[in-house]
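Here the structure is laid out as structure tokens; the discussion comes afterwards.
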Amino acid sequence: TQLLEQSPQFLSIQEGENLTVYCNSSSVFSSLQWYRQEPGEGPVLLVTVVTGGEVKKLKRLTFQFGDARKDSSLHITAAQPGDTGLYLCADTGTASKLTFGTGTRLQVTL
Amino acid sequence: SQTIHQWPATLVQPVGSPLSLECTVEGTSNPNLYWYRQAAGRGLQLLFYSVGIGQISSEVPQNLSASRPQDRQFILSSKKLLLSDSGFYLCAWTRGATNEKLFFGSGTQLSVL
């Protein structure tokens, strides 16, 4: 059974700071997706990365996929209160099933 | 455009009572459908998924069951709820293609007392 560990579990920072969260898998990812979830809502897809070493940018968010495709990081520059939420990584896997990580809860305060 | 509806948003049930959560998808056909459960502030655990009418795969042995009576309808049920069934339940769908993203419903917060 694949295990996806995310770190840190919880992060509280002030507006304007930079941060990085991590996702590590016990096995090679099929492909990796990052989602953000706000309280009381379902997760929303941010990005999909497929190729080892791939880097994608989404405004202030930078996503990196490890060369060995077993880890990923999400870096946020100049965090804003709107970035607050639960960040989840997921392996798209096989047989139409996604496996989700343990999540990182981010709180950005003014 | 496609939409997913999940209800109710909040549910409080006594231990031993039955459960029925319903999810419907509009604007697409033959979607893959999923039920996930989420503990407070944590990751999602896949409970059931379905690639077609009447086809249900269970991921975790438990007190729950799922059914897909129609192409775009997915139901999560229990005959007798346990305290441990409390949690945030999310329905989701994909088109089933490689690397497809999941589209989630807004979730049901279930409290079993």
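The values are calculated or read from the model by the stated rules, or taken from the named source; none is laboratory data. Just so you know, these numbers come straight off a predicted model, no measurement behind them. Here the Cβ is made from the backbone with ideal geometry for all residues, glycine too, and neighbour counts use every protein chain on show. Each accessible area value is taken on the protein alone, full model and side chains, heavy atoms only, with ligands, DNA and RNA left out. Shrake-Rupley method; radii C 1.70, N 1.55, O 1.52, S 1.80 Å.
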Leading residue by the ranking (nearest to A:I13 (Cα to Cα)) among those in region A:80-107 that are at pLDDT 90 or above and among the aliphatic types (A, V, I, L, M): A:L106
Count of region B:44-89 residues which are open to solvent by 20 Å² or more (accessible area, probe 1.4 Å), in a loop (DSSP other than H, G, I, E, B) and away from chain A (no Cβ under 14 Å): 10
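For every residue, the table says whether it meets (1) among the hydrophobic types (A, V, I, L, M, F, W, C); (2) farther than 22 Å from B:Y49 by Cβ; (3) open to solvent by 60 Å² or more (accessible area, probe 1.4 Å).
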site	(1), (2), (3)
A:S31	no, no, no
A:P39	no, yes, yes
A:V47	yes, yes, no
A:E54	no, yes, no
A:K57	no, yes, yes
A:R69	no, yes, yes
A:L110	yes, yes, yes
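I need the full set of residues from region A:36-49 which are more than 8 Å from chain B (Cβ to nearest Cβ) and not hydrophobic (A, V, I, L, M, F, W, C), in order please. Working first, answer last.
Just the residues of region A:36-49 that are more than 8 Å from chain B (Cβ to nearest Cβ), to begin with: A:36-39, A:46-47, A:49.
Correct list: A:R36, A:Q37, A:E38, A:P39.
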Residue check, B:Y36 at the interface with chain A (Cβ under 10 Å from one of its Cβ atoms), within 21 Å of B:L110 (Cα to Cα), open to solvent by less than 60 Å² (accessible area, probe 1.4 Å) and within 14 Å of the chain's Cα centre (by Cα): yes
Filter result for A:L74 (more than 14 Å from chain B (Cβ to nearest Cβ), touching a residue at least 40 places away in the same chain (Cβ under 8 Å) and among the aliphatic types (A, V, I, L, M)): yes
Any hit, region A:89-105, residues being at the interface with another protein chain (Cβ under 10 Å from one of its Cβ atoms), open to solvent by 60 Å² or more (accessible area, probe 1.4 Å) and of a type in the set (S, T, N, Q): yes
Single residue of region A:77-88 satisfying the filter (of a type in the set (A, V, I, L, M) and away from every other protein chain (no Cβ under 14 Å)) that is farthest from the chain's Cα centre (by Cα): A:A78
Region B:12-33, residues that are more than 22 Å from B:G96 (Cα to Cα), open to solvent by 30 Å² or more (accessible area, probe 1.4 Å) and within 14 Å of the chain's Cα centre (by Cα): B:S20
Test set (1) more than 11 Å from chain B (Cβ to nearest Cβ); (2) open to solvent by 70 Å² or more (accessible area, probe 1.4 Å) - A:E5 fails condition number: (1)
